[in-house]
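See below for the structure under consideration.
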Amino acid sequence: MNLIRSFSKFHNIGQGLFYSGYFSIYQNENSRVDYVIDCGSEDMKYLNNALTEYIDDLCRHKKGMLDVLILSHLHEDHISGLEKLCRAFRIKRVILPYLDPIERLVLYLENKSKLEWYADFIINPTAFFRKYHVDEIVYIDENDDRLEKNTNVNNRPDPQFEFFINRDGLNISIGKMQRDFALEDNVKKIDPEILNITGGDKRSLQVSLLKEYSLIIYGVIEFDFFVKKLKTDVFKKFKRNVSKIIGVKPLIDAINNESKRIQIINEYNKLPGNFNNTSLCNSIVSYGNHRIYNYKCNAPIECFDERCILACHCCKRIDRFGYIFTGDICLAPAKSGSQSGLCKDFISHYKSKAEKINVFVVPHHGSTNNWDAKLMEVFNAEQWVVSAAIKNKYNHPDLLVLKDLCIENRLKWVNEKTTTEYKYLLEY
């Protein structure tokens, strides 16, 4: 029998999201895999408290190393703790959505961030991460099944799920990976520094730009990613107009030039909607022949063997293990009331995993502008998590969303006062 312990936590940080977790294998001290999904809040007091506690805990167990950091999108309420996290750890892999220079510039102007490092991060995320102990950056762009036939694509086959223990500590493998060389060539023209693997200090950094990507833990736990971008004709026109304003000069010039900033903001205000549509979603699910247990006590994994699991009143056999994180993606119905194209694509991507999901993170902190109640018909999750402050200027979560979630008593509201932990044992 092999036991995988899964522990994860939604931290009490108010308006934003900070989620952390790890997997470890019984009697394998090199097996632990730690990950973080978003690390931001509009209230830095709550966030700093949560980050300090997390950093201290991880430094005790992993000597200051984080295996995977996932950023759903680049709004301040999801990344305001990024620099503190980067200073604290060596981070083996950062995964985030790719935004071109104009998209990043508009995010900077839209957020009006007071964080000193935010401008550097937006101008060039690669250069930002290079200043810290980051080994690899994976940018994920939209996966479009309608790629032109002449697009040069290198695509791995679907992963085969089979449990393994690597006692050398190499517990993460790549599942699906799709490169689009035409996309890479275009990015090298419009955003040349983003794929630059060496900086002034010549420290090598692995950088990838992918259309499709998944990670596999121990051969049986999959992190699967999905991103779609706003591609309306109005948005394309907006980007052309902003390109004319910026010219050939770098982003920093537009950020520091008040006249250009005003022109760009005026163009942005003409847009319907916003950049919340561009969020990197991800699922975490388990595969293979195994049993799943939910446990509530604080006993270490060493206390669990087959006899203890059967006898322990704290252990409960369950039939699913899976999460979906949605960032601020807009899954709301179209104006006609029908399901939006983006929501259809999202469901299509994750439908094969729907029966495994027991925790679904509601988009955009419970905003009705990003919500479609029909999602509950596809993903029959036991808990629908909203991460939002008790009092916030956006009135998140929206009353209509709360009504949908409370009908079947499946709402879990994480805020500055409450936190939620999940503890599972996967028996292979």
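The values are calculated or read from the model by the stated rules, or taken from the named source; none is laboratory data. Note that this is a predicted model, so its numbers are computed, not measured. Reconstructed Cβ throughout: ideal geometry from the backbone, glycine too, with neighbour counts over all protein chains shown.
Here are a few things to note about the model shown:
Let's see how each residue does on (1) buried (at least 22 other Cβ atoms within 10 Å of the Cβ); (2) at pLDDT 95 or above; (3) more than 17 Å from L210 (Cα to Cα):
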{"site": "G64", "(1), (2), (3)": "no, no, yes"}
{"site": "L69", "(1), (2), (3)": "yes, yes, no"}
{"site": "L99", "(1), (2), (3)": "yes, no, no"}
{"site": "L107", "(1), (2), (3)": "no, no, yes"}
{"site": "N111", "(1), (2), (3)": "no, no, yes"}
{"site": "A119", "(1), (2), (3)": "no, no, yes"}
{"site": "A127", "(1), (2), (3)": "no, no, yes"}
{"site": "I137", "(1), (2), (3)": "yes, yes, no"}
{"site": "N143", "(1), (2), (3)": "no, no, no"}
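Conditions (1) of a type in the set (A, V, I, L, M); (2) under 18 Å from the mean Cα position of the chain (by Cα), marked per residue:
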site	(1), (2)
I70	yes, yes
D77	no, yes
L85	yes, yes
F89	no, no
P101	no, no
N111	no, no
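- For V385, the requirement of being within 23 Å of Y22 (Cβ to Cβ) and touching a residue at least 12 places away in the same chain (Cβ under 8 Å) is met.
- Annotation: of all residues in segment 394-412 being over 17 Å from N370 (Cα atoms) and not acidic (D, E), the one that is surrounded by the fewest Cβ atoms within 10 Å (Cβ to Cβ) is N409.
- The criterion of at least 1 residues that are under 17 Å from V385 (Cβ atoms), in contact with an Asp or Glu (Cβ under 8 Å, 6 or more places away or on another chain) and among the charged types (D, E, K, R) is met, among helices (runs of 4 or more DSSP H) falling completely within segment 2-106, by 76-79.
- The single residue among F223, F275 that is at pLDDT below 75 and hydrophobic (A, V, I, L, M, F, W, C) turns out to be F275.
- Out of V401, V386, one residue alone is outside any strand (DSSP E or B) and either at pLDDT below 95 or under 26 Å from H78 (Cα atoms) (or both). It is V401.
- Condition check for I55: under 26 Å from Y139 (Cα atoms), surrounded by fewer than 20 Cβ atoms within 10 Å (Cβ to Cβ), of a type in the set (A, V, I, L, M) and at pLDDT 95 or above: yes
- Only residues that are farther than 16 Å from C343 by Cα and in a loop (DSSP other than H, G, I, E, B) were counted in segment 357-379, giving 2.
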